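Notes to accompany the following structure.
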Amino acid sequence: MRIPFTVAAVLVVLHAAPALADRDPQSGAPLPPKKHEDSSPITDHFYLRASWYGPSLRTDLRADPTNAVPGMMGTAVNAENDLGLPDKLNKGRVEFMFRLRDRNKVRVDYFEADRSGSQVLANDIVFNNETFLAGLATQSSLDWKQFDITYTYSFIRNERFEVGTGVGIYFLQIDAQVTQPQPFAIALHQEVSAATPFPALPLDVTWRISKRWAATARAAYLRANLSGFSGWYADLHEDVQYRWNQNLALGLGYTSTRTSLTRSGGDFPGYFNMSISGPEAFVRVSF
């Protein structure tokens with residue numbers, strides 16, 4: 001008889017537990033029913049966003065000779081005009097976010113822009129430790145990779161607005177190659193690369209316009225001046241999204257990344273300036 005009695009007691013406790021959970025632990029009075037929160041970027045605990053991105057690019061760079069005498073520099077070139085690299089891209093990019101608690105978020109984003117081109121040089125170009133001659137066809141490539149992790153704390157968070165800031169780490173990698181076949185000699189070839197983590201100060205803003213519409217914007221910026229290195233980095237994104245259902249949103253946005261880096265040593269002495277800006281369309285899955 002003990003087993004049926006025990007089972008019956010457990011069933012009674014389980015049946016009563018919800019009622020006890022809905023009461024104030026101090027007074028025992030019933031608690032008001034919890035308010036249902038509509039799904040929005042402010043209440044999402046996780047999202048994965050897959051985007052088509054169609055940016056325009058402008059790149060200026062100079063690769064100085066290594067171990068050169070003071071004052072000797074490479075040739076300043078525009079990668080699109082002088083080296084024949086494409087100035088527009090159609091790329092995919094991926095971003096996801098975890099909300100650790102109501103006011104704490106971690107966002108991860110990855111983007112790469114790998115380009116190659118061929119062009120007959122109009123002028124001699126000193127690139128790193130070689131001089132590439134005018135009048136000869138030259139192949140070049142420029143690979144840019146960006147991986148960033150951003151943590152923000154929302155100091156404003158309500159049903160309509162969320163505003164937060166924190167710290168972001170941007171891992172940037174650049175690889176540039178130039179090759180020029182020679183009529184009666186071995187082809188000239190030079191490659192320079194650089195990789196650096198770049199901390200930045202972010203600002204994230206979300207506005208829930210209505211039950212289905214929302215707008216988000218974010219920016220990150222940092223300027224640094226260290227021994228042998230100086231530069232700045234700016235990242236801007238804004239979008240409008242429509243909530244198709246509880247877990248799916250469609251959106252249009254605009255993203256702009258600008259950076260200017262100068263180095264006096266290492267594998268890539270010289271400077272690198274780049275602007276990547278353009279529209280994007282995305283699908284956003286969340287819960």
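Scalar couplings 3J(HN,Hα) for segment 61-78, obtained by applying the Karplus form with A = 6.51, B = -1.76, C = 1.60 to θ = phi - 60°, are 8, 8, 10, 7, x, 7, 6, 7, 5, x, x, 7, 10, x, 8, 6, 10, 9 Hz; x denotes Gly and Pro.
Suppose only helical runs count, i.e. DSSP H with n ≥ 4. What mean residue ellipticity at 222 nm does that imply for the chain under -39500 (n - 2.57) per run, divided by all residues and rounded to the nearest 500 deg cm²/dmol?
About -2500 deg cm²/dmol.
A cut-off of 5 Å between modelled amide H atoms, ignoring neighbours fewer than 5 places along the same chain, links HIS45 with PHE287. Lysine pair count for the chain (Cα-Cα distance under 23 Å; residues 8 or more apart in sequence or on different chains): 6.
Axis of helix 2-21 versus longest Cα principal axis of the chain: the two differ by about 70°, to the nearest ten degrees.
Solvent exposure of segment 132-287 amounts to 49 Å² per residue of accessible area, where only protein heavy atoms count and the probe is 1.4 Å. For ASP102 and TYR254, a Förster radius of 25 Å and the Cβ-Cβ distance give a FRET efficiency of 0.30, rounded to the nearest 0.05.
With the cut-off at under 13 Å, measuring from each backbone N in segment 176-212 to a point 7 Å along the Cα-to-Cβ line of ALA224 picks out 195-201.
Provide the per-residue ³J(HN,Hα) series for segment 110-117, in order, calculated from phi with Karplus coefficients 6.51, -1.76, 1.60 and θ = phi - 60°, each as a whole number of Hz, with x at glycine and proline positions. Once rounded to whole Hz, the list reads 9, 8, 9, 9, 9, 10, 8, x. Counting heavy atoms of the protein chains alone, PHE46 has an accessible area of about 50 Å² for a 1.4 Å probe. Each residue, PHE287 and ALA137, gets one label point 7 Å from its Cα in the Cβ direction; the gap between the two is 5.4 nm.
Karplus-based coupling profile of segment 187-192, in residue order and whole Hz: 4, 7, 8, 9, 9, 10, with θ = phi - 60° in 6.51 cos²θ - 1.76 cosθ + 1.60 and x standing for Gly or Pro.
The values are calculated or read from the model by the stated rules, or taken from the named source; none is laboratory data. Everything numeric here is computed off the predicted structure, so don't read it as measured data. No Cβ is skipped: glycine too gets one built from the backbone with ideal geometry, and neighbour counts run over all protein chains shown. Only protein heavy atoms, including side chains, enter the accessible area calculation; ligands, DNA and RNA are left aside. Shrake-Rupley method; radii C 1.70, N 1.55, O 1.52, S 1.80 Å.
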